[in-house]
Amino acid sequence: MARTHISGFSRIGAQRELKFAQEAFWRGESSEADLLEIAEALRARHWQLQRDAQLDFVTVGDFAYYDPMLNLSALLGALPARFGFDANTLSLGQYYELARGNAAQPAQEMTKWFDTNYHYLVPELDANTRFHGGVSWFFDEIDEALAQGLPVKPVLIGPITFLWLSKSHVPEFDRLSLLPKLVIRYNRILDTLKQRGIEWVQLDEPALCVDLPAQWLDAFSAVYEALGTNGVKVLLASYFDDAAQHAERVARLPIAGVHLDLVRAPQQLDAWRAALPPHAVLSVGVIDGRNIWRADLSAIVASLRTLDAELGERLWIAPSCSLQHVPVTLASEQKLDGELKSWLAFATEKLAELSTLALALRDPDAARDALAAADRALDTRRRSTAVVNALVQRRVAAVDDTLAQRRSPFAERNRVQREALALPLLPTTTIGSFPQTASIRRARAAYKRGELRALDYLQRMRAEIEFAVRKQETLDLDVLVHGEAERNDMVEYFGEQLWGYAFTENGWVQSYGSRCVKPPIIYGDIYRPEPMTVDTTRYAQSLTPRPMKGMLTGPVTMLQWSFVRDDQPRSTTALQLALAIRDEVVDLEKAGIRIIQIDEPAFREGLPLRESDWPAYLEWATRVFRISASGVADRTQIHTHMCYSEFNDILPSIAAMDADVITIETSRSAMELLDGFGAFAYPNEIGPGVYDIHSPRVPGEAAMLRLLERACEVIPAERLWVNPDCGLKTRGWPETEAALTHMVRAAKALRLKLAARQDVAETA
Ligand code: GLN
Ligand code: ZN
């Protein structure tokens with residue numbers, strides 16, 4: 001009989017209880033005991049949900065007060081030395097200092113967990129890292145579950161993934177040199193589990209799904225040779241992509257089972273079936289842990305029948321990966337359209353799907369009603385989405401390369417734009433948003449609650465826009481923005497105006513620490529019923545003779561930051577988004593807007609885990625961007641903006657987007673990023689950020705001038721813009737005004753310097 005389990009559950013709670021408990025503790029409004037109590041209740045609730053769904057195991061170890069990777073560092077005893085903390089006596093307060101920084105030390109660096117929107121804290125290792133062991137939280141939680149009589153399966157991030165994702169301040173330091181010590185520590189951990197009578201432990205090694213260098217793969221074998229013989233059965237879990245190329249290597253190891261992501265990579269099953277020894281457990285991840293759609297249970301049951309007959313108890317059924325990437329429960333959704341809701345399964349509903357699968361294999365009759373309900377939902381979904389918006393479908397079918405191309409090449413457009421815009425050398429601008437003040441947020445909240453009438457809200461937003469325009473004129477910026485006061489979020493604002501998008505009330509997913517995001521759901525064909533930003537932008541332009549930038553979110557970012565349909569390729573959905581944005585771009589041009597910025601901050605994060613899959617992604621991603629941007633005349637200048645990105649490895653694709661101007665984040669890396677642009681000879685105009693908007697610090701004029709001069713060394717001044725790193729919505733007005741004053745002065749100073757050099761050159 002097949003068994004059921006999950007890789008992990010969301011920690012945050014259906015009402016984001018963990019977030020509120022953390023933040024109250026940080027503000028000193030509640031005690032450590034309060035926080036511990038809420039955390040314990042959340043764990044108990046999530047284990048109970050797994051019991052209610054009759055899963056064969058309850059997963060323990062997926063909880064963290066901030067981040068599981070930080071928990072693991074604390075468990076191993078591998079904390080960054082610079083904090084001077086002892087992992088054995090680490091307090092919760094110190095744990096949060098590691099996560100959030102303190103007066104003396106910046107926080108540990110944070111980065112994306114593979115290709116998800118979850119961010120983990122990057123472990124800092126060096127030659128002195130010892131792995132002497134640390135906090136006992138992991139074991140305490142196991143004891144907590146054992147005391148409740150639960151069938152516990154602990155989960156831990158595996159040693160190879162831990163090392164792979166960590167970093168060292170010493171660039172040439174070889175992290176693999178730490179492996180022997182690390183394995184000793186993991187073995188101790190497994191010993192401790194054995195003492196507690198634990199039969200199975202899941203070790204997560206998603207690093208198997210990236211391009212691991214050969215010496216890392218060899219290390220992988222060595223590690224599991226050592227760990228597998230400990231007496232606790234190891235379930236080695238891979239997820240997020242195909243791990244088939246490692247099947248034979250893994251099969252030779254003394255591990256007791258593997259978990260595979262068969263949603264992302266169903267094709268790997270055969271290779272693993274062929275390679276695995278007959279005693280091995282095979283955990284099939286068949287329920288999508290990354291998306292919110294109800295599964296096709298009948299199809300999954302059909303596909304599992306043979307495996308079930310062959311493997312019996314050695315077949316385990318699971319979601320593809322941890323359920324932390326989907327919202328907790330549909331039960332908190334009161335406003336969602338009833339039909340759409342019937343198409344969805346959040347984490348709690350996915351547990352029920354697992355138990356239906358197990359039941360259907362065991363006792364098909366008993367599962368008949370549940371399967372029929374799933375079939376019906378799927379069937380309505382298929383039929384409803386088949387009543388497609390004929391217009392969208394026809395347009396998608398008719399897309400050809402001419403739509404993906406500006407009328408003339410950059411050089412020609414650039415000439416026309418220079419004439420039309422008559423901007424000074426080194427034009428100054430900002431990225432779009434100005435401070436989202438408390439009064440703006442209050443107005444929006446009142447409007448949403450129905451306490452402010454639409455017209456009054458519109459007036460308030462117009463007043464904010466006028467305020468921002470006057471400020472920018474006083475600052476003497478060259479290209480203005482309206483400030484985005486009316487936007488809560490750069491995806492939601494557009495999604496709310498497009499057909500095919502739905503929004504949840506409580507569909508929160510942890511982004512990092514106490515931060516959660518609520519990605520909208522793309523459930524149908526994307527259609528723009530009417531212009532979305534034209535009124536606002538035209539109003540803003542009417543206030544000033546200076547060029548006003550129209551401000552849009554690009555198709556790749558709209559896609560990347562939403563839950564996306566699983567019944568058509570991502571690229572098709574992106575194309576539909578691109579066509580809607582293209583119409584908006586054209587309408588803005590018709591309304592007299594001469595510069596339009598299409599933001600793509602999520603462009604790079606869409607990259608697949610394996611480099612061999614990059615070209616296909618980059619091909620369609622650049623193409624949909626161009627489709628959104630290419631409906632306008634040569635004289636209309638298209639900008640794009642990207643941030644948080646290292647993109648030296650995808651520069652040809654950035655160039656292939658063919659935006660007239662790109663603004664990027666560079667100030668913190670002191671323009672390092674630009675070296676790549678210089679070496680590659682990026683052909684179009686660039687605005688490297690000279691003002692780090694992530695910090696309340698106001699950069700001085702001299703510092704910005706230095707950054708600009710550095711930029712001039714790699715990019716000719718004629719192609720340079722002057723701007724901050726990103727939007728200013730998280731900043732306050734006083735610091736924004738001060739910093740922009742310095743920025744404009746720096747630009748003017750450099751113009752004078754360059755003109756003087758020119759004069760000298762001409763006289764000589
Ligand atoms: N235009 C947006 C803003 O200024 C861009 C935000 C972003 O890059 N993430 O806020
Ligand atoms: Zn940005």
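Structure data summary
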read-out: Potential extension, THR111-HIS132 segment - 0.36 nm per residue separation minus Cα distance; value: 5.0 nm
read-out: Stretch gain in nm, segment SER31-ASP759, where the contour uses 0.36 nm per residue and the Cα spacing is subtracted; value: 255.3 nm
read-out: Estimated FRET transfer efficiency (ASP86, ARG362; beta-carbon r; R0 56 Å; 0.05); value: 0.65
read-out: Computed P(r) (all Cα pairs; the range 285-444; 10 Å bins; percent); value: 8, 22, 19, 18, 15, 12, 5, 1
read-out: Full-stretch length increase - MET1, LYS448 - with 0.36 nm per residue and alpha-carbon distance subtracted; value: 155.8 nm
read-out: GluC sites (Glu not before Pro) lying in DSSP loop within the range 628-719, provided at most 15 other Cβ fall within 10 Å; value: GLU646
read-out: Cross-link pairs beyond the 28 Å C-alpha cut-off, checked among LYS153/LYS181; LYS341/LYS729; LYS112/LYS518; LYS167/LYS194; LYS112/LYS448; LYS471/LYS748; value: LYS341/LYS729; LYS167/LYS194; LYS112/LYS448
read-out: Reach of LYS753 by Cα under 18 Å, taken over aspartates and glutamates that are not fewer than 8 positions away in the same chain; value: GLU701, GLU709, GLU713, GLU718, GLU762
read-out: Rough spin-label spacing in nm, given labels placed 7 Å along Cα→Cβ, for VAL170 and ASP379; value: 6.7 nm
read-out: Hydrodynamic radius of the chain per Kirkwood, over alpha carbon pairs, in Å; value: 28.1 Å
read-out: Label-reachable residues, the range 459-490, where backbone N falls under 20 Å from a point 7 Å from GLU530's Cα toward its Cβ; value: 459-462, 486-488
read-out: Cβ-based charge dipole, the chain, positive-most Cα from TRP293, VAL416, PHE680; value: VAL416
read-out: Dmax and Rg, reported as Rg then Dmax, of the range 113-193 (C-alpha, Å); value: 15.1, 48
read-out: ³J(HN,Hα), Karplus 6.51/-1.76/1.60, whole Hz, each residue of the range 453-466, x for Gly, Pro; value: 6, 3, 5, 5, 4, 4, 4, 4, 5, 5, 5, 5, 5, 4
read-out: DSSP bridge orientation in the chain - percent antiparallel, rounded to nearest 5; value: 15 percent
read-out: Descending semi-axes in Å of the range 615-655, equivalent ellipsoid built from Cα gyration tensor; value: 21, 14, 8
read-out: Hypothetical label at ASP675: residues of the range 703-728 whose amide nitrogen lies under 13 Å (7 Å Cα-Cβ projection); value: 714
read-out: Within the chain, helix-based [θ] at 222 nm, where runs of 4 or more DSSP H residues each add -39,500 (n - 2.57), nearest 500; value: -14000 deg cm²/dmol
read-out: Principal axes of the range 581-671: Cα extent on each, largest first, Å; value: 42, 32, 17
read-out: All lysines inside 16 Å of LYS590 as judged from Cα atoms, apart from same-chain residues fewer than 8 positions distant; value: LYS549
read-out: Förster-model FRET efficiency, 25 Å R0, ALA331 and GLU23, C-beta, rounded to 0.05; value: 0.55
read-out: Label point distance in nm, SER571-ASP456, each placed 7 Å from Cα along Cα→Cβ; value: 5.1 nm
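Values in this text are rule-based calculations from the coordinates and carry no lab data. Since we're looking at a predicted model, the values are computed, not measured. Positions of Cβ are backbone-derived with ideal geometry, glycine not excepted, and every protein chain shown enters the neighbour counts.
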